[in-house]
1. Which is more than 13 Å from the chain's Cα centre (by Cα) and at negative phi, of 143, 167, 161?
2. For the condition in a loop (DSSP other than H, G, I, E, B), in contact (Cβ under 8 Å) with a residue 24 or more places away in the chain and within 13 Å of the chain's Cα centre (by Cα), what is the one hit in 194, 199?
3. Within the group 176, 157, which residue is touching a residue at least 12 places away in the same chain (Cβ under 8 Å), part of a helix (DSSP H, G or I) and touching a strand residue (DSSP E or B) at 6+ places or on another chain (Cβ under 9 Å)?
4. In segment 51-77, how many residues are without any contact (Cβ under 8 Å) to a residue 40 or more places away in the chain and under 12 Å from residue 195 (Cα atoms)?
5. In segment 24-49, which residues are in contact (Cβ under 8 Å) with a residue 24 or more places away in the chain and farther than 21 Å from residue 197 by Cβ?
6. Consider segment 1-17. How many of its residues are loosely packed, with under 12 Cβ neighbours inside 10 Å and at pLDDT 95 or above?
7. Is segment 78-87 home to any residue that is surrounded by 11 or more Cβ atoms within 10 Å (Cβ to Cβ), out of contact with any strand residue (DSSP E or B) (no Cβ under 8 Å at 6 or more places or on another chain) and either within 28 Å of residue 185 (Cα to Cα) or in contact (Cβ under 8 Å) with a residue 24 or more places away in the chain (or both)?
8. Taking segment 92-132 on its own, how many of its residues are assigned to a loop (DSSP other than H, G, I, E, B) and loosely packed, with under 14 Cβ neighbours inside 10 Å?
């Protein structure tokens, strides 16, 4: 099981060129983001379900079950956006079979940065390093993802996911967000603070 503390916002359309450039490019004291990767995620269609996500990546053999645990009292802000920290858990399964149920295919074009704890703060991993795995050490991933669903409508999302020991992940999440805010991001309009299951639930697919 993988425990995580998360923040995520959604917007319709495309990110502004200024924000996308800020996220992707290197700065005086930080690396460039990892190159954008495209993938298809197939989610179990479960109308109105906002606390459970069951998905399988196209071409993959593992089904991922992700469940909402709790909303924390802590609210964090980033570039005009606020959200409550949420705790989630994820379980992989080789036994679940999604071949006979209706699936919703989501295309994701994701650019990502990864951070590890460093004293009271965090340090960013270079883009040439392997993406952190939950079974190796604590880390926090920050992603900017352009997404589209079955109807082709464009959306994008900014998400942070800190994973590791339960007593550490909220602190790691806050430290990572503070580091990203320190880099002076271009202002954003107030995004919708949703998880992927909550976003899919309001689409009506």
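The values are calculated or read from the model by the stated rules, or taken from the named source; none is laboratory data. In this text the structure is predicted, and so the values were computed from the model without any measurement. All Cβ positions, even for glycine, are placed from backbone atoms using ideal geometry, and neighbour counts span all protein chains on display.
1. Working: 143 fails: more than 13 Å from the chain's Cα centre (by Cα); 161 fails: more than 13 Å from the chain's Cα centre (by Cα).
Going through 143, 167, 161 in turn, the sole match is 167.
2. Details: 199 fails: in a loop (DSSP other than H, G, I, E, B).
Going through 194, 199 in turn, the sole match is 194.
3. Exactly one residue qualifies, and that residue is 176.
4. 2
5. The answer is 24, 27, 30, 31, 32, 33, 34, 35, 36, 37, 38.
6. Selection size over segment 1-17: 3.
7. Within segment 78-87, one or more residues are surrounded by 11 or more Cβ atoms within 10 Å (Cβ to Cβ), out of contact with any strand residue (DSSP E or B) (no Cβ under 8 Å at 6 or more places or on another chain) and either within 28 Å of residue 185 (Cα to Cα) or in contact (Cβ under 8 Å) with a residue 24 or more places away in the chain (or both).
8. Let us first name the residues in segment 92-132 that are assigned to a loop (DSSP other than H, G, I, E, B), namely 94-102, 119-120, 125-132.
Applying the additional criterion that residues be loosely packed, with under 14 Cβ neighbours inside 10 Å yields 94-95, 97, 99-102, 119-120, 126, 128-131.
Final tally of qualifying residues: 14.
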